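Peer 1: Let me give you the structure first, and then I'll get to my questions.
Please treat every number below as a calculation from the coordinates, not as lab data. Since this is a predicted model, take the numbers as computed values, not measurements. With ideal geometry, Cβ positions are generated from the backbone for all residues, glycine too; neighbour counts draw on all protein chains shown.
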Amino acid sequence: MAEDMISLIRENVIQGRVTQDDEGFDEGKVGQPGVSELTEKALAQGINPEDIIKRGFSEAMVVVGQKFEIEEYFLPDMLASAEAVGAAMEILEPHLVKSGIKPKGKIIVATVKGDLHDIGKNIVSILLRGAGYTVEDLGNNITPQAIVDAVAKERPQFLGLSALLTSTRIRMRETIELLTESGVRDKVKVIIGGAPISEEFAQSIGADGYGADGFEAVRVMEALSTNVEG
Ligand code: B12
């Protein structure tokens, strides 16, 4: 039952169908529930939001990326799937952000310069808010200088950087170098993530942590929190 619902969500993310009114990549789907309606239904059935995100949205986006690679999908198709996930995350957000949690600290998040992918960052932000962190989201395509300026001004305990392109992850290294040059590197824990990022890459550029997904991001932050001054 839950399995069927999750595979329907996955299918409709791949189709890029936000609502029942959308056509989708293949024809003949109008009138059938889209990702928004299916997400509402899944919640009503008590399906865990973590399963919806991991096995519904994230797995679907991997398939979308593969279809793009073999030129079955083009940019507008990737974008339609991205929109479907974005709309569904708005539905999930209130279920992920529990009220009454004592604030645990502040994190500034950004997708690095040259990179417009922001779905992963947005999911991580929602989950961190849900776990009790104050999140300031600088957006996407953000220069190292703008990130370092924000850190120097806001003095957050954490900085979260996202990159989805192999060609932009170098901006993470530059940002960390600029933090050091600006004398604020030891004031902030840097955690990074995104599809081309690995634990090894994180270590190689001197980041403090790596999160493979939004849920791991929360665990990494919790672990790092024990080493951070309040
Ligand atoms: C949707 C999408 C787009 C959309 C983005 C819309 C948006 N608002 O984000 C659009 C259409 C704009 C797009 C454009 C492009 N894209 Co694109 N895109 C994708 C796609 C299909 C899905 C990405 C996604 O949203 N995944 C779902 C989310 C939930 O996963 P995620 O981002 O990985 O995030 C999770 C983790 O990585 C982690 N995480 C992410 N950030 C952070 C940060 C921290 C701090 C932590 C701890 C964790 C963390 O947690 C997240 C939640 O679980 C991927 C395929 C893929 N396999 O990734 C290609 C992909 C990333 N794109 C690709 C390419 C090539 C492009 C373009 C260059 C295409 C072109 N020719 O123009 C442009 C580049 C534009 C730019 N300058 O950025 C390639 C990249 C190849 C590479 N290795 O460099 C991919 C891999 C597709 C492919 N297989 O070829 N894309």
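Peer 1: Beta carbons within 10 angstrom, averaged per residue: use that to sort the peptides 114-124, 136-146, highest first.
Peer 2: Highest-to-lowest ranking by the protection proxy: 114-124, 136-146.
Peer 1: I've got another one for you. Starting from the Cα gyration tensor of segment 2-96, take the square roots of the eigenvalues, sort them a ≥ b ≥ c, and report rounded, prolate or oblate (rounded when a/c is under 1.5, otherwise prolate if a/b is larger than b/c, else oblate).
Peer 2: Because a/c hits 1.5 or more and a/b exceeds b/c, segment 2-96 counts as prolate.
Peer 1: What is the distance in Å between the Cα centres of segment 22-58 and segment 151-179?
Peer 2: Their Cα centres are 33 Å away from one another.
Peer 1: Can you order the peptides 195-206, 79-90, 149-160 by their average number of other Cβ atoms within 10 Å per residue, highest first?
Peer 2: Packing proxy ranking, top to bottom: 79-90, 149-160, 195-206.
Peer 1: Further question on the same structure: Mind scanning Lys67/Lys98; Lys102/Lys189; Lys98/Lys187 and naming the pairs with a C-alpha gap bigger than 26 Å?
Peer 2: Violating the 26 Å Cα-Cα cut-off are Lys67/Lys98; Lys98/Lys187.
Peer 1: Among the aspartates and glutamates, which fall within straight-line cross-link reach of Lys106, defined as a Cα-Cα distance under 15 Å, with same-chain neighbours fewer than 8 residues apart omitted?
Peer 2: Glu136, Asp137, Glu154, Glu222, Glu229
Peer 1: Mind running the shape call on segment 155-196? Use the C-alpha gyration tensor, a ≥ b ≥ c as the square roots of the eigenvalues: rounded below 1.5 for a/c, prolate if a/b tops b/c, oblate otherwise.
Peer 2: oblate
Peer 1: Right, something else. Can you tell me the FRET efficiency between Asn48 and Phe68 if r is taken as the Cβ-Cβ distance and R0 is 25 Å, rounded to the nearest 0.05?
Peer 2: Between Asn48 and Phe68 the formula returns 0.30.
Peer 1: Which one of Leu75, Gly46, Gln20 has its Cα pushed farthest toward the positive end of the charge dipole of the chain, where Lys and Arg give +1 and Asp and Glu give -1 at the Cβ?
Peer 2: It is Gly46, whose Cα lies furthest towards the positive end.
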